[in-house]
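> Here it is, the structure in full.
The values are calculated or read from the model by the stated rules, or taken from the named source; none is laboratory data. On a predicted model such as this, the values are computed, not experimentally measured, just so you know. Positions of Cβ are generated from backbone atoms using ideal geometry, with glycine treated the same way; all protein chains shown enter the neighbour counts. For the accessible areas, the whole protein counts, side chains as well, though only heavy atoms, and no ligand, DNA or RNA atoms are used. Shrake-Rupley method; radii C 1.70, N 1.55, O 1.52, S 1.80 Å.
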Amino acid sequence: MQTILFLLLLFLIVIFSVLLFYKNKHSRVDKLNQGECPTCKAKRRVFFDENTRTTFKDEVISAKVLKNHGCSGLNEIEYTCKICGLKEVYPQSSNSNCSM
């Protein structure tokens, strides 16, 4: 009986650990897509010039497509922080219609 309870408890811990891992991974990708570095917490800056009435944006995160796997494949995108030098690569869906 103790073995069954121990295995059940171990199984639940593993399931929650995997779910926590995916939650942290997706929250990092969401922050990078919004222009915020998850490590140094630097955000994009927006400046407004009142003389010319233009808005300038200073981006902290730069995104570069490393591999494009076609219409139905994933894009591998490398995010780089200009402040702390963080580099992370995440696969994301292309979300493009490739009708020919």
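> Based on DSSP loop calls and a cut-off of at most 15 other Cβ atoms within 10 Å, the longest stretch of the chain free of exposed GluC sites (Glu not before Pro) is what? Let's see the in-between values first.
Numbers: sites that count: Glu50, Glu59.
My reading of the result: 1-49 is the longest stretch.
> Let me ask you something else. Using only alpha-carbon positions, what ratio does the radius of gyration of the chain give when scaled by 2.2 N^0.38 Å?
Output field value: 1.61.
> Tell me, what is the 1.4 Å probe accessible area of Lys31, in Å² to the nearest 10?
Probe radius 1.4 Å; accessible area of Lys31 about 70 Å².
> Let me have the 222 nm mean residue ellipticity of the chain computed from DSSP H runs of 4+ only, each contributing -39500 (n - 2.57), with the sum over all residues rounded to the nearest 500.
-12000 deg cm²/dmol
> Which angle from 0 to 90°, rounded to the nearest 10, does the C-alpha axis of helix 2-34 make with the longest principal axis of the chain?
Helix 2-34 sits roughly 0 degrees off the main axis of the chain.
> Pull up the cross-link candidates among the lysines for Lys67, meaning alpha carbon to alpha carbon under 21 Å and not fewer than 8 places away within one chain.
Lys67 reaches Lys25, Lys87.
> Cross-link candidates for Lys64: which aspartates and glutamates have Cα within less than 15 Å, leaving aside residues fewer than 8 places away along the same chain?
Candidates past the 8-residue exclusion: Glu76, Glu78, Glu88.
> At 1.4 Å probe size, with no ligands or nucleic acids counted, give the accessible surface of Leu74 in Å², nearest ten.
90 Å²
> In whole percent, and with a 1.4 Å probe on the protein chains, what portion of the accessible area of the chain is carbon and sulfur?
59 percent
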